[in-house]
Amino acid sequence: MGIDRAAQIGFGSLFFFMLLLILAGCGEEKKARLQIGDQAPDFIVNDMNGKTLHLASWKGKPIIIRFWNTECKYCLADTPVFNQYFKKYKAKGLKVVYINTGKESVDVVADFVKNLKIPFPVVKEGGAEVAALFNVRVVPQTVIIDPEQTIIAAIPGGVRMVELKELAGKFLN
C-alpha cells in the first residue's frame, strides 16, 4: 500500500502541475515582436510645438523614427546627420520624427532640440507609449518605414549618413 499511496501523491502533483501550466497559458496573449517586413503600428501624438502627428497620414512617404533621450551620446553625436539628411530630402517627401523616451523634463528636451537645431518634429509626451508600440527596449533606435508603412530597418545605436541613404534613399529619388 505504500507504493499505491506514493503513486497517488505523484499523480496528484503531476495533475496540479499540469493544471498550473494550462492556466498560465490562458492569460493575456503576448504581443508578437515587430520584425522587418511588418506593418508599422499607427500612432497619434502631439509634438513639442503642439502639432498633431498621425503616422497613417504620412502614408506614401518614407519615414524615419528615432527613439532617443538627451543622455544618449550617440543621439548627441549623430543628430546633425539626421538634420542634414532631412533638410536635403524634405522637399521629396521625407518625414523624420524624434521620439524622446527619457524621463527628463520638457525643458531639458527643448534645450537639446534648440542647441542641435532640430528642424523636424520632436515628441516628448507620449514617447514611451510609442516606443512600447515599436517594442523599443534600448535607445537610440532608428526605425525606417517605407511609403507603404512597412518597417524596412531598425538600427540600434548611432547612425551614419551612408545607412540613411542606403535604406531610405531609394524612396527619395
Task: Estimated translational D of segment 104-147 in µm²/s (Stokes, Kirkwood radius over Cα pairs; 25 °C; 0.890 mPa s) - done: 203 µm²/s
Open item on the list: What does the charge count around Thr150 come to, taking other residues whose C-beta lies under 15 Å from its C-beta (Lys +1, Arg +1, Asp -1, Glu -1)?
Closed with: 0
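Going by a ≥ b ≥ c, the root eigenvalues of the Cα gyration tensor, does segment 44-171 fall in the rounded group (a/c under 1.5), the prolate group (a/b larger than b/c) or the oblate group? Write out the running numbers ahead of the final one.
Working: a/c = 1.39, a/b = 1.25, b/c = 1.11.
It is rounded, given that a/c, with a ≥ b ≥ c, falls under 1.5.
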TODO: Given the peptides 165-172, 48-55, 134-141, arrange them by the average over their residues of other C-beta atoms within 10 Å, most packed first.
DONE: 134-141, 165-172, 48-55
Open item on the list: If neighbour count is taken as other Cβ atoms inside 10 Å, put Tyr89, Tyr98, Tyr74 in order from fewest to most.
Closed with: Tyr74, Tyr89, Tyr98
- [ ] Note down the net charge around Val139, summing +1 for each Lys or Arg and -1 for each Asp or Glu among other residues with Cβ under 14 Å from its Cβ.
- [x] +2
TODO: Under 20 Å from a label point 7 Å along Cα→Cβ of Ile36: give me every residue in segment 59-83 with its amide N that close.
DONE: 62-67
Open item on the list: Residues of segment 122-136 with the amide nitrogen closer than 19 Å to a label point 7 Å from the Cα of Glu71, along Cα-to-Cβ, please.
Closed with: 124-129, 131-132, 136
- [ ] Run down the lysines and flag those whose C-alpha is under 23 Å from the C-alpha of Lys73, throwing out any fewer than 8 positions away in its chain.
- [x] Lys87, Lys103, Lys114, Lys117, Lys124, Lys165
Task: Computed label-point distance, nm, for sites Asn83 and Glu148 using a 7 Å Cα→Cβ extension - done: 3.6 nm
Task: Gyration tensor verdict on segment 34-73 (Cα atoms; rounded if a/c is under 1.5, prolate if a/b is larger than b/c, oblate otherwise) - done: oblate
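Since every read-out is calculated from the coordinates, none of them should be taken as a lab result. What you see is a predicted model, and the numbers here were worked out from it, not measured in a lab. In this analysis, Cβ positions are derived from the backbone assuming ideal geometry, glycine residues included, and neighbour counts consider all displayed protein chains.
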